[in-house]
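Report on one structure; see the data block that follows.
The values are calculated or read from the model by the stated rules, or taken from the named source; none is laboratory data. From a predicted model like this one, the values you see are computed outputs, not experimental measurements. Neighbour counts are summed over all protein chains in view; Cβ atoms, including those assigned to glycine, are modelled from backbone coordinates with ideal geometry. Accessible surface is based on the protein model in full, side chains and every heavy atom, while ligands, DNA and RNA are left aside. Shrake-Rupley method; radii C 1.70, N 1.55, O 1.52, S 1.80 Å.
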Amino acid sequence: MPTTLDQLPIGNCARVATVHGEDGISVRLMEMGVLDGVPVKVVGAAPFGGPREYLIRGFRLSLRSTEACRIGIAPL
């Protein structure tokens with residue numbers, strides 16, 4: 001099982017286990033609803049290594065891999 005959100009394959013689901021860091025990006029992720037225990041699904045990816053799209057709390061959120069690697073995940 002992948003350990004961070006950027007490693008989760010398209011179409012798979014997990015739950016947020018933790019958000020690493022205390023900088024502005026980590027705080028903003030938590031303000032957008034990326035919190036411990038919240039289910040998340042990978043719904044797509046931009047070509048050529050661009051942002052990936054996630055379904056979190058009923059809305060779609062696009063994150064770069066540098067942002068998604070801050071989000072630790074656990075199985076549902």
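Details
- Binning the C-alpha pair distances of the chain at 5 Å intervals from 0 yields a P(r) profile of 3, 18, 32, 29, 14, 4, 0 %, listed from the shortest bin outward.
- Length-normalised contact order of the chain in % [C-alpha pairs under 8 Å, at least 6 apart]: 44
- Inter-probe distance in nm under a simple model that places probes 7 Å from Cα toward Cβ, at Phe59 and Val27: 1.9
- Fraction of accessible area attributable to carbon and sulfur, the chain (%, probe 1.4 Å): 55
- On a per residue basis, the chain carries 57 Å² of accessible surface, using protein heavy atoms and a 1.4 Å probe.
- Here the sum of -39500 (n - 2.57) over DSSP H runs of 4 or more residues, divided by the residues of the chain, equals -3500 deg cm²/dmol at 222 nm, to the nearest 500.
- The residue list Cys13, Cys69, Ser26 was ranked by how far each Cα lies along the charge dipole of the chain toward its positive end, using unit charges on Cβ atoms, and Cys13 comes out on top.
- When peptides 64-70, 21-27 are ranked by their average number of other Cβ atoms within 10 Å per residue, the highest-first order is 64-70, 21-27.
- Whole-angstrom gap from the range 1-43 to the range 58-76, using each part's C-alpha centre: 3
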